[in-house]
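The values are calculated or read from the model by the stated rules, or taken from the named source; none is laboratory data. What you see is a predicted model, and the numbers here were worked out from it, not measured in a lab. Cβ placement follows ideal geometry from the backbone for every residue including glycine, while neighbour counts extend to all protein chains displayed. Note: areas computed on protein heavy atoms with side chains; ligands, DNA, RNA excluded. Shrake-Rupley method; radii C 1.70, N 1.55, O 1.52, S 1.80 Å.
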Amino acid sequence: MIKVENVCKNFNKTHALHNVSLEVNQGDIISLIGPSGSGKSTLLRCIHGLETIDSGKIYLDGELMDRNNEKKFREQRNKMGFVFQHFNLFPNMTVLENCKLAQVEVLHKSDAEAETVALEYLDKVGLKEKRDSYPNNLSGGQKQRVAIAGIIAMRPRCIVMDEPTAMLDPKGRKEIMATIKTLNKENGITVVLITHYMEEAAKADRVIVIDKGNILLDDVPKRIFSQVELLKSVGLDVPQATELMYELKKCGLDVPDDIIDEDECAQVLYDILRSEERRVGKECRSRW
């Protein structure tokens, strides 16, 4: 769906992106991770057209995104929604009014048509009952879900998200990731998101690691997070389950390198304990 080809972006003397190339397939969930200042946000903003690129090409559905063709470029951008860290809701407007606004102003829908679509997507994010509430009466997770509902009400084919859970507590982060997964599964929406939470990145279809404006790694989560030493060398963490396996391996235990979630970790620990229990039991029986 998206193809980035040899893209470079500079800010004065700072090289933000160096010949970056990648492809995103329709229906994928892609996580971008990297240390602060690595170029993650710049890459997303270039893909969405919020930043101009100095060289290279970006394609959407096989067609070049060309700023010289303003009408077509605007139509292409409308296929991609952008969700920021901050919720970008108007505090003086209700949840429903916030969700209707872009449809009316950008897509020129009637108020009645926009309301029907807004209610449909508020229902999808589990907040239809909050339609008449104001943002100040919502939790952080609820505000971000309203922002996402407003974006998907525009019916984009892809959503790019710049740390959508950064301002949230653990409960809010869990709500947002569940919403993303549901929209991806039920609507086939392609998702490209930046996150600093490795447990979130581990739930993606692919993880892309960016460092100093270059793509360092691009693979499925298990293969990415098995490279603990490399990730640590560029200042990145790994999921807690991966970290525990890494420490156990350093202690001499024969554990897998590609554990990334709590259930897998729990099973490995259970197997270790059962094995040790059997070993001790066998020793005891032999002594008796």
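Can you give me the pair-distance distribution of the chain, C-alpha pairs, 10 Å bins, whole percents?
Computed distribution, short to long bins: 6, 25, 29, 21, 11, 5, 2, 1, 0.
Mind jotting down the distance between the C-alpha centroids of the stretch 219-288 and the stretch 155-217, whole Å?
Each part reduced to its Cα centre gives a spacing of 26 Å.
So how strong a dipole does the chain carry about its Cα centre when Lys and Arg Cβ are +1 and Asp and Glu Cβ are -1, to the nearest 20 debye?
Details: 41 positive and 45 negative charges, 25 e Å.
Around 120 debye, computed over the chain.
Once you charge only the Cβ atoms, +1 for Lys and Arg and -1 for Asp and Glu, what is the size of the charge dipole of the stretch 69-176 about its Cα centre, to the nearest 20 debye? Don't skip to the end; give the middle numbers.
Values: 18 positive and 15 negative charges, 76 e Å.
The dipole magnitude comes to about 360 debye.
Which residues among the stretch 33-53 fall inside the zone where the amide N is under 19 Å from a point 7 Å beyond the Cα of GLU75, along Cα→Cβ?
From the stretch 33-53, the list is 48-49.
Based on the Cα coordinates of the stretch 1-155, what is the per residue volume of their convex hull in Å³?
Details: hull volume 21.5 nm³, N = 155.
Measuring per residue, one finds 139 Å³ for the Cα hull of the stretch 1-155.
What are the residues whose amide H is under 5 Å from the amide H of MET161, where those residues sit 5 or more places off or on another chain and H is modelled from the backbone?
VAL83, VAL192, LEU193, ILE194
For a quick check: with amide H placed at 1.01 Å from N, whose amide H comes under 5 Å from ILE29's, ignoring anything fewer than 5 positions away on the same chain?
VAL191, ASP205, ARG206
Through the Karplus equation 6.51 cos²θ - 1.76 cosθ + 1.60, θ set to phi - 60°, convert the phi angles of the stretch 58-71 into ³J(HN,Hα) values in whole Hz; use x for Gly and Pro.
In residue order, the calculated couplings are 10, 10, 10, 6, x, 10, 4, 7, 10, 5, 6, 9, 4, 4 Hz.
Find the accessible area per residue for the stretch 5-115; the probe is 1.4 Å, ligands and nucleic acids are left out, and the unit is Å².
Numbers: 5790 Å² over 111 residues.
Per-residue value: 52 Å².
For the stretch 136-204, report the accessible area per residue in Å² (1.4 Å probe, heavy atoms, rounded to an integer).
For the stretch 136-204, the per-residue accessible area is 38 Å².
As an exercise, find the ratio Rg/Rh for the stretch 34-76 from alpha-carbon atoms, using the Kirkwood inverse-distance average for Rh.
Numbers: Rg = 11.6 Å, Rh = 11.3 Å.
Taking Rg over the Kirkwood Rh, I get 1.02.
Which of HIS48, HIS18, HIS108 moves most in a GNM of the chain, Cα contacts under 10 Å?
Among HIS48, HIS18, HIS108, the largest mean-square fluctuation in the Gaussian network model of the chain belongs to HIS108.
Run the quick spin-label model on ASP61 and LEU230: label points 7 Å from Cα toward the beta carbon, then report their separation in nm to one decimal.
Roughly 3.5 nm, to one decimal.
Provide the per-residue ³J(HN,Hα) series for the stretch 151-168, in order, calculated from phi with Karplus coefficients 6.51, -1.76, 1.60 and θ = phi - 60°, each as a whole number of Hz, with x at glycine and proline positions.
Working through the residues one at a time gives 5, 6, 5, 7, 6, x, 8, 8, 10, 10, 10, 9, 6, x, 10, 4, 8, 10 Hz.
Each residue of the stretch 177-191 in order: what ³J(HN,Hα) in whole Hz does its phi give by Karplus 6.51 cos²θ - 1.76 cosθ + 1.60, θ = phi - 60°, with x for Gly and Pro?
Going residue by residue, I get 5, 5, 5, 4, 4, 5, 5, 5, 6, 7, 10, x, 6, 6, 10 Hz, with x marking Gly and Pro.
Report the residue, chosen from GLY81, GLY235, GLY150, that carries the largest GNM mean-square fluctuation when the chain is represented by alpha-carbon nodes joined by springs under 10 Å.
Top of the fluctuation ranking is GLY235.
What percentage of the solvent-accessible surface of the chain, computed with a 1.4 Å probe over protein heavy atoms, is contributed by carbon and sulfur atoms? Don't skip to the end; give the middle numbers.
On the way: 7330 of 15080 Å².
Reported share for carbon and sulfur atoms: 49 percent.
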